[in-house]
1. Can you list the HN-Hα couplings for segment 404-417, worked out from phi with the Karplus curve (6.51, -1.76, 1.60; θ = phi - 60°), rounded to whole Hz and with x for Gly and Pro?
2. Across segment 243-249, in residue order, what do the Karplus-derived ³J(HN,Hα) couplings come to in whole Hz, using 6.51 cos²θ - 1.76 cosθ + 1.60 with θ = phi - 60° and x for Gly and Pro?
3. Within a 10 angstrom radius of the beta carbon, how do 407, 187, 295 rank from fewest other beta carbons to most?
4. Sorting 213, 249 on the 10 Å Cβ count, fewest up front, what's the list?
5. Rounded to whole Hz and in sequence order, give me ³J(HN,Hα) for segment 296-303 from the Karplus expression 6.51 cos²θ - 1.76 cosθ + 1.60, θ = phi - 60°, writing x for Gly and Pro.
6. Taking the beta-carbon count within 10 Å as an exposure proxy, list 67, 312, 287 from fewest neighbours to most.
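Taken together, the values in this text are just the output of simple stated rules run on the coordinates, not laboratory data. All of these numbers come straight from a predicted model, not from anything done at the bench. FYI the Cβ positions are ideal-geometry reconstructions off the backbone, even for glycines, and counts take in every protein chain you see.
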Amino acid sequence: MPGGVAAYRGHVRWGVVGRVRRGTADDPVDRSDVSCPPAQRLSGWPARGWTVPMVALLVAAVSVVGTHYAAKQVHQPLDAPTLLLLFVGPVALLFSRRWPAPALVVTTAATVGYYGLGFPYGPQFTAFAVVLVMAVVAGYRVLAWLCGIGALVVYFLLYWAIEHGTMGWTWVLGHVAAVAAILALSELYRVHRQRVAVQRRIRAERERRQANEERLRIAQELHDVLAHNISLINVQAGVALHLMDQRPEQARTALTVIKQASKEALGEMRSALAVLRAETYAAHSPTPGLDGLDELTGRLVSAGLPVRTTVTGAQRPLPVEVDLAAYRIVQEALTNVYRHAHATEAVVSLAYRPQLLTVLVTDDGTGGPGPTRSGEAWPDPDAADPAADGDDPIGAGGGNGIPGMRERATALGGSLTAGPLPGGGFRVVATFPLDREAP
């Protein structure tokens, strides 16, 4: 059967536009446009267990009362065969959700037989019209058209054979127009339901895509925050172990930095997990930006890495995504300086131009042990830890630091270059086009 809305009882399920397949772990079924079992929504009426019985009862009442009135006008009694044919349609209507095709065939036969055999005129065709609409909406379009056309042909033949009279064109065209109108309205309603179903799926897909993008953003943010804070913890733990006996006050400072960094990392993890566990897209907490640069550099200064910041141009609000990307690139670059460069100083330069933002992070590191603020060499955290296996816990040297920064910049139409300086040290340069106003 072509796609449509049909019965959902037992083991049979039909989709709104096509067959609904069973979902798998890799290809789940989209049920976003189905708020209740399709069996209860075949005709688009409210999904209640008593809907179809109530409609069938109403159709039966209209058929009996209307036909009784018509029979009185011609002084023709309603005998048992007449009542039997009158009730065939409403009874078939009761089963039209589960079996639309058989219900349509039975109702068509009863309607044609009733009128073709000369029983009293009345609204007996009401059941036929309702079941015809339900069959078209359910997807039995060919069968519905065949039943509609076939009913007219058989009815005309029976009338001609029994009455032995001619049929006027007005009378014929009236019957043809009535059936054609029912079929046309059924098709319009079917198309309307398909469009509604497509819009629901598109909306659900858009919401899922937004949720996935948000989760990906949170995961990336979590990676950046953890990389920064765990780097501080790793290095400061080595400092504390190295200075615990000779300089306990400096070891205490290192432990304070560890406490602050671990607290921030835990807070970020809780926020990220709350979003990742959410089933629907939700607005996230305010994202960091370049206005938090002083706090970032302050933590690094407290940890022993002097950082100097310079700003050129007219500082102004930036688009949220540019502000966040620039902040994360500075954070990642300074984290790499802190972890690997052993520099005595890092410099962060921000250049605001009318259509461009340039972020520059440089250091004077040599790649070897550099001096601390006390003048002594930085201790090697792995060497200070007898249990260390020599691997950077965040993937030193082979991680996603520079590729991740470049990805952030290029995603916004910018660029990023990174490499050693001729006289020693390292440089990271990121540019972002500013061709639109900040929200």
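1. Those phi angles translate into x, 5, 5, 5, 4, 5, 5, 5, 9, x, x, 8, 8, 10 Hz.
2. These are the phi-based 3J(HN,Hα) values: 9, 4, 7, 7, 9, x, 5 Hz.
3. Sorted ascending by nearby Cβ count, the order is 295, 407, 187.
4. Final ranking by Cβ density, sparse to dense: 249, 213.
5. So the Karplus estimates, Gly and Pro as x, are 5, 5, x, 5, 5, 4, 5, 7 Hz.
6. By the 10 Å Cβ count, ascending, the order reads 312, 287, 67.
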